[in-house]
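Undergrad: Below you will find the structure I want to go over with you.
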Amino acid sequence: MDSVDDVMSIAEMVEERRHLTAVAYRMLGSRAGAGNVVDEVYRRWYGLSARERARIAQPLSWLVTSTDHICLARLAAGPSNPPDAPAPGRPDAHSAVSAQPEPEPEPEWEWNSERGWPGDRARHSLRARRARPTAAREHDAVSGALRDACVAQTPEALVALLAPDVSVSFDGGGKVRTRVRSVHGSRQVARSLLTLLAPRPRTTLNTGSVNGRTGLVAHYDREVAAVLTLDVAAPYVVQVWVTLNPDKLRSWT
C-alpha cells in the first residue's frame, strides 16, 4: 500500500481482521490457533513487494484464500492446538508481534499556495516553534480542534491545523492491513486522517491522555482501535503517530 488513497478506515481494518479470524476459527476450532493463522496471513501479505501487493485487485479475497490454505496445511499436519470449547461471539486474536518494514524516505513536501505559508518563511517559523515546548493548554486546544475537524470531516479545517511539512506514520505491527510508508504534507496527511477516522457505525473518536499529552483515541465496538500521538508546535500539528497494532492497543481496551 503505497498510495494515500489506499488508507483504510478503522472500521474496515478491524472488520477485515475479525473476518479472517472467524474463517480460521471455523476451520480450526481454536481461538489461539486462529489468531496465529491470521498473523501468518498478514506476514505473508507484507512479505510481498509493494508492486506485488498493488497488482492484487481484491486484497480481502487474497487474504481469505491464504487463510484457507494455511488452515488446511495445519489440519493436514495434525493438531497443534486443542480445540476451544464452543463459545459464542467474536474469536479473540492473540498473537506475537511482527514488525512492519521501515518507512522509506520520501521527498519533503512544501505548500506554497496563496492560502499557505511561503516555503522559506514557513520552515524558519516552524523550526523556531519546534525549538520551544508547547504549553499544555495550547496542545490541548490544537488536539481538540483536530478531533473536531476529523469528526466533522472538514478537510479545509483540518489542513489549517497541520504544518505544511507535517507527516503521519502508521504502526500496525504487521497485524492489520495499513500503510507501510509515512505520508507527508498537510493536504495528503489530512486526506489520510479523514479516511482512517471516517465516521462509521460503532466508531467514536475522542481526545485522551497519550504519553502524558492530549492525543486522540478511536473506538470501534467499544474497543480501542487506534491511538494517535500528536507532536504540536502551536498552532500546528507537526507529526502524527498512529498506533493500530492490536497487541499494543489491548491494554488500552
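No value in this document is a laboratory result; all are computed from the given coordinates. Note that the structure is predicted; figures quoted are calculated from it, not measured. Cβ: placed from backbone, ideal geometry, glycine included. Neighbour counts: every protein chain shown.
Undergrad: Between Thr204, His184, Ser167, whose Cα lies farthest towards the positive end of the dipole of segment 157-212 when Lys and Arg beta carbons carry +1 and Asp and Glu beta carbons carry -1, centred on the Cα centre?
TA: Thr204
Undergrad: Let me ask something else about it. Need the full-extension length gain, Ala145 to Ala76, defined as separation in residues times 0.36 nm minus the C-alpha distance. One decimal, nm. If you can, show how the numbers build up before the last one.
TA: Numbers: separation 69, 0.36 × 69 = 24.84 nm, distance 5.44 nm.
Between Ala145 and Ala76, full extension yields 19.4 nm more.
Undergrad: Assuming 0.36 nm per residue, please report the length gained on full extension of the stretch Ala54 to His19 beyond their Cα-Cα distance. Don't skip to the answer; put the middle values down first.
TA: Working: separation 35, 0.36 × 35 = 12.60 nm, distance 2.17 nm.
Going from the current span to full extension adds 10.4 nm.
Undergrad: Please compute the modelled spin-label separation between Gln153 and Ala234, points set 7 Å along Cα→Cβ, answer in nm with one decimal.
TA: Going from the Ala234 label point to the Gln153 one covers 3.2 nm.
Undergrad: Something else now. Round to the nearest 0.05 the FRET efficiency obtained for Arg137 and Asn206 when R0 = 25 Å and r is the Cβ-Cβ distance.
TA: Numbers: r = 19 Å, r/R0 = 0.74.
With a Förster radius of 25 Å, E is 0.85.
Undergrad: So if R0 is 45 Å, what FRET efficiency would His69 and Arg213 give, r being the distance between their Cβ atoms, rounded to the nearest 0.05? Write down the numbers at each step before the final one.
TA: Details: r = 44 Å, r/R0 = 0.98.
Efficiency computed from Cβ-Cβ geometry: 0.50.
Undergrad: Here's a follow-up. Segment 195-248: D in µm²/s via Stokes-Einstein (Kirkwood Rh, Cα pairs, 20 °C, 1.002 mPa s)?
TA: Numbers: Rh = 11.8 Å.
So the translational diffusion coefficient is about 182 µm²/s.
Undergrad: I've got another one for you. Could you sort the peptides 7-17, 66-76 by per-residue average Cβ neighbour count (10 Å cutoff), highest mean leading? Walk me through the intermediate numbers first.
TA: Values: 7-17: 20.1, 66-76: 15.5.
The most tightly packed comes first, giving 7-17, 66-76.
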